[in-house]
Amino acid sequence: MPVNLQHRSFLKELDFTAEELLYLVELGATLKAARAGGYERRSLDGKNIALIFEKTSTRTRSAFEVAAHDQGAHVTYIGPDESQIGTKESLRDTARVLGRMFDGIQYRGFDQQLIEILGAHAGVPVWNGLTDQWHPTQMLADVLTMREHTAKQRADVVYCYVGDGRNNTARSLLVTGAILGMNVRIAAPEPLWPEADLRATAQELAACSGGTVLVTDDLRRGVRDADFVYTDVWVSMGEPAEEWARRIELLRPYQVDTTVMADTGNAHAKFMHCLPALHNRETEIGEQLYQRTGLDALEVTDEVFEAPASIVFDQAENRLHTVKAVMVATLGGSSAGHDAPVFTNP
């Protein structure tokens, strides 16, 4: 059966089948090629899209705005202090108002339950730009990036996330790989492992898809034979100083450096990061952390980040193309076509 995602929301990966997720990746690849070749066709002319940001953003906001403009849609940005959400008006009421005015809504914010409420009451497609629990648009970009950097079949691809296994990126990587039949690993100190019920869900998904799941505190075991080593920031703005200190102490042995990359035993292993990255002292936070800890970098060294094996900016660009795919598939249909290759199982 052909995949039809018209009028669907994109709230989390667990709502989608492998075929549906791969369809979005494939459509993203096609739209990327069309943009580069100058033959992209607009599917969203006359559409109006609301972009709700309760958390600030660089890549997500840019991706949604440029994607919408490329496809002919108009966007309205609603920033952290630019709505009544949660102060004078419930999210449920806001959803019903915005759904009467806009054709689609992007939400980037806090608890997943908030976007679930938005999706349930807006009456139009709602897309998750990031919540505390999930980061589904990042996953589409990551899978497209992996596909562009390996000749392997999907079932043979191994990737390892290194760091805080409880954050939204790690959780999304765990379930996405399991759904798609890939070999996904999380290398993290045990106190920072994904919760037990999520690990069990991932194992069940992998058993059905033919993938494998490994969560371990053994970093060398985690990265062995990996095609992709992935990490993310250890701490988030707004967390108390004592939590920063505890997290950094736990994660110091898990910094991705040249030794970790060599421990893959794979000369073609690539480094991935969803950005922003604390890989040097060239930011205010980076300098503050250096003064506090003596570390020039946190989750990844500058040497690895700037190495030829680093594909982080390919990931960043692919946010645009896969976000565009989500909007086109759910709001405008797939008239741009979807015949680009995407790595699949034989």
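Values in this text are rule-based calculations from the coordinates and carry no lab data. On a predicted model such as this, the values are computed, not experimentally measured, just so you know. As a convention, Cβ positions derive from the backbone with ideal geometry for all residues, glycine included, and neighbour counts pool all protein chains shown.
Worth a mention:
- For the chain, the longest principal axis of the Cα atoms and the long axis of helix 59-70 meet at an angle of about 30 degrees.
- Counting only DSSP H runs of at least 4 residues, each contributing -39500 (n - 2.57), and dividing by the residue count of the chain, the helix-based mean residue ellipticity at 222 nm comes to -12500 deg cm²/dmol.
- Gln112-Glu239 FRET efficiency (beta carbon distance; Förster radius 22 Å; 0.05 resolution): 0.75
- Identified option (computed Cα extents along the principal axes in Å; candidates (1) 70, 48, 40; (2) 52, 51, 39; (3) 63, 62, 37): (2)
- With R₀ set to 22 Å, the beta-carbon distance separating Lys152 from Glu190 gives a calculated FRET efficiency near 0.15.
- Spatially near lysine pairs across the chain, Cα under 29 Å, sequence gap of 8 or more or different chains: 20
- Each label point was placed 7 Å from the Cα along the Cα-to-Cβ direction; for Ala33 and His7 their separation is 3.1 nm.
- Between 0 and 90 degrees, the angle of helix 91-101 with respect to the longest Cα principal axis of the chain falls at about 50 degrees.
- Nearest-0.05 FRET efficiency for Cys208 and Glu82, computed from C-beta distance (R0 41 Å): 0.45
- Residue list for region 155-188, given a label point 7 angstrom along the Cα-to-Cβ vector of Asp257 and an amide N cut-off under 16 Å: 163
- Positive end of the dipole of region 150-310 (Cβ unit charges, origin at the Cα centre): among Gly211, Thr201, Ala297, the Cα lying farthest that way belongs to Gly211.
- Distance between the pseudo-spin-label points of Glu282 and Glu303 (7 Å out from Cα toward the beta carbon): 1.8 nm.
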